[in-house]
1. Which ones in segment 98-110 are without any contact (Cβ under 8 Å) to a residue 24 or more places away in the chain and either of a type in the set (Ser, Thr, Tyr) or on the phi > 0 side of the Ramachandran plot (or both)?
2. Can you tell me how many residues within segment 40-64 are among the acidic types (Asp, Glu) and crowded, with 17+ Cβ neighbours inside 10 Å?
3. Which condition from (1) within 21 Å of the chain's Cα centre (by Cα); (2) in a helix (DSSP H, G or I); (3) not β-branched (Val, Ile, Thr) is the one that LEU71 breaks?
4. So which residues in segment 55-97 are aromatic (Phe, Trp, Tyr), within 14 Å of ASP107 (Cα to Cα) and free of Cβ contacts under 8 Å to residues at least 40 places away in the same chain?
5. Working carefully through the options ARG94, ARG119, ARG60, find the one that is in contact with a strand residue (DSSP E or B) (Cβ under 7 Å, 6 or more places away or on another chain) and charged (D, E, K, R).
6. Just checking, which of LEU103, LEU97 is assigned to a strand (DSSP E or B), loosely packed, with under 11 Cβ neighbours inside 10 Å and not charged (D, E, K, R)?
7. Is there a residue in segment 65-76 that is modelled with pLDDT under 95 and touching an Asp or Glu at 6+ places or on another chain (Cβ under 9 Å)?
8. What number of residues within segment 82-109 are among the hydroxyl-bearing types (Ser, Thr, Tyr) and under 18 Å from LEU49 (Cβ atoms)?
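The values are calculated or read from the model by the stated rules, or taken from the named source; none is laboratory data. Keep in mind the model is a prediction, meaning the values are calculated, not measured. When we count neighbours, we look across all protein chains shown, and the Cβ atoms used for this are built from the backbone with ideal geometry, even at glycine.
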Amino acid sequence: MVPVSIHTLIVTAPDSPSVVVLQPEEEATEKRTRRVVPIWIGTAEATQLGTALEKARFSRPMTHDLFLDALTNLDACIDHVLINDVKGSTFFARLTLRQHGRLIELDARPSDALALAVRQKAPIFLDESVLEKASFPFVFRKNPQNEEEIAQFHTFLENIAPEDFKEDSE
């Protein structure tokens, strides 16, 4: 089992798949090449995960909050999540609960398992075979020249006014 964290979440319009990107924790501190695992999820699932990541609270409990409340009342908690298989573009997860020292494994969609793990700050793991099959290299490079160009562009945008686009009548 490889510990991972959520690197990013990209929420798209309802007709397009959203994506959650996982990254092995030991690689998160390296400066060059990292492996990432993108998992495509539905927009509704991405919204639930985003709500968990942002720690948003609503006046009425959401489905994941209701599930966690039920677990708490049963003296159970989320022990960890394991993304244990991938077939094509479909990922499979196991949600492990802890109740009085006993571990209970449940089959779960990765999006639901991740949303619950984030809410309870439970560890997230990838099976090594999933990491091998579904990861992509991601090269992180900082180029100061590009950063300078971007800063200059932002300065340009801050100082531009509609009058700058008027044609001269001379």
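1. As a first pass, look at segment 98-110 and keep what is without any contact (Cβ under 8 Å) to a residue 24 or more places away in the chain: 98, 101-102, 105-107.
Within segment 98-110, just GLY101 meets the criteria.
2. Qualifying residue count, segment 40-64: 1.
3. (1)
4. PHE92
5. Values: ARG119 fails: in contact with a strand residue (DSSP E or B) (Cβ under 7 Å, 6 or more places away or on another chain); ARG60 fails: in contact with a strand residue (DSSP E or B) (Cβ under 7 Å, 6 or more places away or on another chain).
After ruling out the rest, the residue left standing is ARG94.
6. On the way: LEU97 fails: loosely packed, with under 11 Cβ neighbours inside 10 Å.
Exactly one residue qualifies, and that residue is LEU103.
7. Within segment 65-76, one or more residues are modelled with pLDDT under 95 and touching an Asp or Glu at 6+ places or on another chain (Cβ under 9 Å).
8. Residues flagged as among the hydroxyl-bearing types (Ser, Thr, Tyr) and under 18 Å from LEU49 (Cβ atoms) within segment 82-109 amount to 2.
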